[in-house]
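The values are calculated or read from the model by the stated rules, or taken from the named source; none is laboratory data. The structure displayed is predicted, hence computed values, not measured ones. Heads up, the Cβs are rebuilt from the backbone with ideal geometry, glycines too, and the neighbour counts pull from every protein chain shown.
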Amino acid sequence: MRIRIGLITTLAALLIAASSGIVAQEQQDKKGPPGPPPGMKLTSTGWKDGGDMAAKYTCLGEPNPVSPGLDWTNAPKGTQSYAVVMHDPDFTRDKGTTDILLWMVWNLPGDSTHLAEGMKEGFEQGSIRQGNNVRNEHVYRGPCASGTSHHFTLELFALDETLNLPATATRADLYKVMEGHVLGKGVTVGLFHR
């Protein structure tokens with residue numbers, strides 16, 4: 001009799017444990033597999049994402065357009081530096097192979113979460129550099145599209161290293177050295193036309 005009670009108790013315990021495991025598994029299945037960490041969020045002082053750009057950040061800004069301030073969150077673990085590229089994908093040159101590059105900055109510190117507006121021409125601090133824009137100037141070039149609104153796209157890349165590039169670097173140079181080192185990316189788009 002004692003053996004039978006012991007056996008029944010053991011079987012009951014096993015059934016309870018198994019059903020607990022099934023319930024836990026069902027709860028896990030409802031959650032789904034663990035996903036990637038949340039993407040980077042990038043915002044600008046010059047526009048709300050997908051909205052119209054304020055005039056001072058465009059060719060209407062007097063005497064010169066002002067580069068927008070940027071804020072970002074959710075930087076990937078291991079970020080050592082950031083690079084910024086702003087371009088106009090709605091207008092191409094060189095028989096449609098290249099769009100218009102308005103601004104390029106790299107080696108923003110990996111622990112930063114903000115870039116102040118109004119970066120001056122040729123600005124350098126530590127290893128921070130501005131590259132050549134569409135006019136071969138080391139400065140922000142404000143959007144100046146005419147006709148329909150263009151989607152001026154500003155991208156922030158989180159990188160696992162600091163880049164060794166001269167200020168004379170082109171966008172192709174930047175993309176080449178970034179290859180294999182991008183940990184994450186944030187994007188914001190501003191609309192503008194004259």
statement: Checked against (1) loosely packed, with under 14 Cβ neighbours inside 10 Å; (2) within 16 Å of residue 59 (Cβ to Cβ), residue 190 satisfies every condition except (1)
field: Filter result for residue 23 (out of contact with any Pro (no Cβ under 7 Å at 6 or more places or on another chain), modelled with pLDDT of 95 or more and among the β-branched types (Val, Ile, Thr))
entry: no
query: Among 81, 112, which is at pLDDT 90 or above, surrounded by fewer than 19 Cβ atoms within 10 Å (Cβ to Cβ) and farther than 15 Å from residue 59 by Cβ?
result: 112
- request: Determine which member of the set 61, 69, 142, 147 is in contact with a His (Cβ under 9 Å, 6 or more places away or on another chain) and either without any contact (Cβ under 8 Å) to a residue 12 or more places away in the chain or over 28 Å from residue 183 (Cβ atoms) (or both).
  value: 147
- prompt: Any idea which of (1) without any contact (Cβ under 8 Å) to a residue 40 or more places away in the chain; (2) under 19 Å from residue 192 (Cα atoms); (3) surrounded by fewer than 15 Cβ atoms within 10 Å (Cβ to Cβ) is the one residue 100 doesn't satisfy?
  reply: (3)
statement: Given (1) hydrophobic (A, V, I, L, M, F, W, C); (2) touching a residue at least 24 places away in the same chain (Cβ under 8 Å); (3) over 15 Å from residue 53 (Cβ atoms); (4) touching a strand residue (DSSP E or B) at 6+ places or on another chain (Cβ under 8 Å), residue 128 misses just (2)
task: Given the conditions (1) modelled with pLDDT under 55; (2) closer than 19 Å to residue 102 by Cβ, report the number of the one that residue 17 does not fulfil.
output: (2)
statement: Condition set surrounded by fewer than 17 Cβ atoms within 10 Å (Cβ to Cβ) and closer than 16 Å to residue 108 by Cα, scope region 163-174, selection modelled with the highest pLDDT: answer is 164
